[in-house]
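Structure first, commentary second.
The values are calculated or read from the model by the stated rules, or taken from the named source; none is laboratory data. All values reported here derive from a predicted model rather than from experimental measurement. Counting neighbours? That spans all protein chains shown, and the Cβs are built from the backbone with ideal geometry, glycine included.
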Amino acid sequence: MKLYKIKKSKIDSKGRGLYATKNIKEGTKIINYKGKIITNKQVENSNKYNNDKPIYLFTLNKRYTLDGDFHWNTAGLINHSCNPNSQYDGKGLKIWITAIKDIKKGEEFTCDYGFSFDKDYKQFPCKCSAKNCCGYIVREESRWRINKKFAMGKKINK
Ligand SMILES: [Zn+2]
C-alpha cells in the first residue's frame, strides 16, 4: 500500500498535494522524487530554467542536477510549508522524501522548498498557515530577513 494519495491541496488552493494514507513514523521514506538527470551546464544554458525559480531542480553534485518538472513525478506535488513534516533526502543521483515528524493519517505532506532569499521572493507567497509562517516561500535560514523587513515597515497582521 502506498503511503500517499493525491488530493486537492489545503495549502495550494489551485493545486494538488499528497496526503498520508496511514500513520507514519518519523524517518520513514515516503516517495521517490523522480526526474531526469541533466548536467549543471544544461541548467545554465537552457531557456526552460531561466524564468522560474528552480522549484523542481536539485543539484546532485558538481556535475549533475535532477529536474523533477514532469507530470509523472508525483512527489513534485508536495507543497512547501514553513513548518514542514517531511524533507528532501538524497544519495548519489537519487532523491526521495522522508518524514521528519510522526505524521497522522490524512495529513498533507509538506517540505521546505529551500528557496534562497532574493529580490523576487514576493512572487512566491506562502499559504501554509503554520504559526511560524513568514508569508513567503523562503528557506528557514533566510526568513529572519523577511521578519525584520516586516518589523521595520507596517504592522504584521496577526
Ligand atoms: Zn508558510
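General remarks:
- Among the residues making up the range 11-55, those that are modelled with pLDDT under 90, part of a loop (DSSP other than H, G, I, E, B) and within 20 Å of the chain's Cα centre (by Cα) are ASP12, SER13, LYS14, ASN50, ASN51, ASP52, LYS53, PRO54, ILE55.
- Candidate set from the range 97-147 (those that are assigned to a helix (DSSP H, G or I) and among the polar types (S, T, N, Q)); member that is farthest from the ligand (Cβ to nearest atom): GLN123
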